[in-house]
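S.K.: The following block contains the structure, expressed as structure tokens.
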Amino acid sequence: MTERDPNCLFCRIVVGEIPSDRLLEDDRVVVFRDVNPQAPTHILAIPRVHVPSAAELTDEDGDLIAALFGALRAVAEDAGLHDYRIVTNVGAGAGQSVFHLHFHLLAGRRLTWPPG
Ligand code: AMP
């Protein structure tokens, strides 16, 4: 894990070099709206530190994962959401396009399973 990758889009969002529509942030995580929403509500939760994907998380990251899910839970509660999906893509073949760990929260429409 590195603190920051200057070439990473989401690291640049964390420090405000690229604007984002933020819903919540603290010393560990930032939550903002996805610029290309795939559902009426489409939110991303990211760590401030640069972690390329869930595949690079370690046993030391328990507090960070709890912070990410806590932030998503808080945003969902604020929005009055009861039905939603949280997903993370690992690797380009699974749909990952930004290589900084992020959890998508999707809601506001019927979500089918299995996903495409
Ligand atoms: P993934 O394809 O799982 O890596 O998800 C990356 C997500 O980041 C996509 O849903 C994009 O729409 C979203 N995204 C890319 N650039 C931005 C941006 N500048 N602000 C907000 N979301 C973005």
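The values are calculated or read from the model by the stated rules, or taken from the named source; none is laboratory data. Please read these numbers as outputs of a predicted model, since none were measured by experiment. Using ideal geometry, Cβ is built from the backbone for each residue, glycine included, and neighbour counts are taken over all protein chains shown. Ligands, DNA and RNA are stripped out before the accessible areas are found, and what is left, the full protein with its side chains, is counted by its heavy atoms. Shrake-Rupley method; radii C 1.70, N 1.55, O 1.52, S 1.80 Å.
S.K.: Considering each of Ser97, Ser20 in turn, give the residue that is among the hydroxyl-bearing types (Ser, Thr, Tyr), within 16 Å of the ligand (Cβ to nearest atom), assigned to a loop (DSSP other than H, G, I, E, B) and touching a helix residue (DSSP H, G or I) at 6+ places or on another chain (Cβ under 7 Å).
M.R.: Values: Ser97 fails: touching a helix residue (DSSP H, G or I) at 6+ places or on another chain (Cβ under 7 Å).
None of the other options fit; the residue is Ser20.
S.K.: To continue, here is another question. Consider only pairs whose beta carbons are under 7 Å apart and that are at least six residues apart or on different chains; among these, list those whose first residue lies in segment 24-37 and is part of a strand (DSSP E or B) and within 15 Å of the ligand (Cβ to nearest atom) and whose second residue is open to solvent by 30 Å² or more (accessible area, probe 1.4 Å) and acidic (Asp, Glu).
M.R.: As it stands, the answer is Val31/Glu25; Phe32/Asp21; Arg33/Asp21, since those pairs meet every condition given.
S.K.: Under 18 Å from Cys11 (Cβ atoms) and either in contact with a helix residue (DSSP H, G or I) (Cβ under 7 Å, 6 or more places away or on another chain) or basic (Lys, Arg) (or both), is that true of Leu68?
M.R.: Values: under 18 Å from Cys11 (Cβ atoms): yes; either in contact with a helix residue (DSSP H, G or I) (Cβ under 7 Å, 6 or more places away or on another chain) or basic (Lys, Arg) (or both): no.
No: the conditions fail for Leu68.
S.K.: How do the pairs read when you match residues in segment 7-22 that are on the phi > 0 side of the Ramachandran plot with residues anywhere that are exposed (fewer than 12 other Cβ atoms within 10 Å of the Cβ) and not in a strand (DSSP E or B), using Cβ under 8 Å and keeping only pairs 6 or more apart or on different chains?
M.R.: That search, which allows pairs on different chains as well, returns nothing.
S.K.: Among the residues of segment 77-94, which ones are in a loop (DSSP other than H, G, I, E, B) and not hydrophobic (A, V, I, L, M, F, W, C)?
M.R.: Scanning segment 77-94 gives Gly80, His82, Asp83, Tyr84, Thr88, Asn89, Gly91.
S.K.: Quick check: is even one residue across segment 74-94 over 22 Å from Pro114 (Cβ atoms) and within 15 Å of the ligand (Cβ to nearest atom)?
M.R.: Within segment 74-94 (the criterion being over 22 Å from Pro114 (Cβ atoms) and within 15 Å of the ligand (Cβ to nearest atom)), the answer is yes, since at least one residue qualifies.
S.K.: Given Ile43, Ile65, Ile13, which one is more than 15 Å from the ligand (Cβ to nearest atom) and surrounded by 14 or more Cβ atoms within 10 Å (Cβ to Cβ)? Even if it seems obvious, please write down each step before you answer.
M.R.: On the way: Ile43 fails: more than 15 Å from the ligand (Cβ to nearest atom); Ile13 fails: more than 15 Å from the ligand (Cβ to nearest atom).
Sole residue among the options that is more than 15 Å from the ligand (Cβ to nearest atom) and surrounded by 14 or more Cβ atoms within 10 Å (Cβ to Cβ): Ile65.
S.K.: Does segment 66-76 include one or more residues that are at pLDDT 95 or above and part of a loop (DSSP other than H, G, I, E, B)? Lay out the reasoning, then the answer.
M.R.: Step one: list which residues in segment 66-76 are at pLDDT 95 or above, which gives 66-76.
With part of a loop (DSSP other than H, G, I, E, B) added as a condition, the list becomes none.
No: segment 66-76 contains no residue that is at pLDDT 95 or above and part of a loop (DSSP other than H, G, I, E, B).
S.K.: Something else about it: Specify the residue that is surrounded by the fewest Cβ atoms within 10 Å (Cβ to Cβ); the eligible residues are those in segment 77-116 that are among the aliphatic types (A, V, I, L, M) and under 13 Å from the mean Cα position of the chain (by Cα). Break it down into steps so the answer makes sense when it comes.
M.R.: Just the residues of segment 77-116 that are among the aliphatic types (A, V, I, L, M), to begin with: 79, 81, 86-87, 90, 92, 94, 98, 101, 105-107, 111.
In the following step, the residues that additionally are under 13 Å from the mean Cα position of the chain (by Cα) were identified as 86-87, 90, 98, 101, 105-106.
Details: Ile86: 16, Val87: 13, Val90: 15, Val98: 15, Leu101: 26, Leu105: 24, Leu106: 20.
Ranking the qualifying residues of segment 77-116, first place goes to Val87.
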